[in-house]
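Written out below as structure tokens is the structure these notes cover.
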Amino acid sequence: MTFNILVLPDLLKNLPPNFKDNIKAAIKELIIPFPGTGKGEKKEIKGANNVAYRLRVGSFRIFYRIDKDNRRLSQNSPKSTNYHF
């Protein structure tokens with residue numbers, strides 16, 4: 001099963017080019033987005049009202065949700081507004 005990945009336009013806006021490349025590569029590897037499968041260090045975020053996940057890319061964390069019905073991943077809001085799920 002493949003998923004479409006929806007990324008907020010500002011995700012890579014202010015990052016140095018080498019970080020952008022690493023993050024783009026990690027996002028492309030989210031072919032299988034569930035923790036324990038595929039590539040990448042993925043974990044389910046505990047305590048979230050709606051199930052959410054995080055992908056670790058070096059010192060960066062990308063937070064995302066999986067929409068199984070529509071087969072797509074969507075990025076959560078930036079960290080400053082990411083306190084309530």
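Bridging of K13 to aspartates and glutamates at a Cα separation below 19 Å is possible for D21, once same-chain residues fewer than 8 apart are set aside. Out of every Cα-Cα pair that the stretch 4-79 contains, those further apart than 15 angstrom amount to 54 percent. A straight Cα-to-Cα reach below 18 Å connects K68 with the aspartates and glutamates E29, E44, residues fewer than 8 places away in its own chain not being considered.
Read the figures in this text as sums done on the coordinates, not as results from a lab. All values reported here derive from a predicted model rather than from experimental measurement.
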